[in-house]
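The values are calculated or read from the model by the stated rules, or taken from the named source; none is laboratory data. The structure presented is a predicted model; accordingly, all values stated were derived computationally and were not measured. As a convention, Cβ positions derive from the backbone with ideal geometry for all residues, glycine included, and neighbour counts pool all protein chains shown.
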Amino acid sequence: MDENIPSWLPDLLECDWNEYQKTIDKAYEVFMRDFGTHAARSGFRGKRMGLKRHPEFEGKNATFWHFVTEGSIEESRAPVRARLERIAWPKALIVEAENETSRVLVWFNVRPRKKHGASRRWLIALPDFSYVVVIDEREEFVLPWTAYTVDHAHRRNKLRKEYIAWKKDQKS
């Protein structure tokens, strides 16, 4: 395992772009193991966890595709190797975030949306902000929304500043 990856995280999924469909199917198996049943989803911050099922693509739900693809236009999001390799990490970070002595950073933000008011989201990050899981909070439940690697230093700094500002607001 990469020396920069915390030892408590699951191993990376082996991805073979020559066997694209097998890689996608293998990643979906891991995703369904971690989030596919009510018991596997459990909850977060006292709310039950659901999944965003639509739009489905290739028989796989929207949450899975948001975990393993990127892009601002829903219909043209593209799979990303780093996201596929880390498909077992979102569940691990979510579980870790619920521990009292957590090894991850957790904060909340509210961002305006084009439609339907604002999005209220929990962010869970590794301490170096190299990987983030986003959970969308609704009135009665939460939805794992996306998860991604943060490759650029300026983006990590932006997340770090957001986290520090949130922590400061919590103390006020």
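Could you grab me the full set of residues in segment 126-147 that are among the aromatic types (Phe, Trp, Tyr) and at pLDDT below 90?
none
Can you name every residue in segment 102-150 that is of a type in the set (S, T, N, Q), in contact (Cβ under 8 Å) with a residue 60 or more places away in the chain and part of a loop (DSSP other than H, G, I, E, B)?
Across segment 102-150, the qualifying residue is only SER130.
How many of the residues in segment 114-150 are of a type outside the set (Phe, Trp, Tyr) and farther than 25 Å from VAL80 by Cα?
Qualifying residue count for the region: 10.
I'd like to know if segment 151-172 contains one or more residues that are part of a loop (DSSP other than H, G, I, E, B), surrounded by 12 or more Cβ atoms within 10 Å (Cβ to Cβ) and at pLDDT below 95.
Checked against the condition, which is being part of a loop (DSSP other than H, G, I, E, B), surrounded by 12 or more Cβ atoms within 10 Å (Cβ to Cβ) and at pLDDT below 95, segment 151-172 yields no hits at all.
Under the condition of being surrounded by fewer than 14 Cβ atoms within 10 Å (Cβ to Cβ) and part of a helix (DSSP H, G or I), which residue from segment 71-101 is modelled with the lowest pLDDT?
Checking each candidate, the answer is GLU74.
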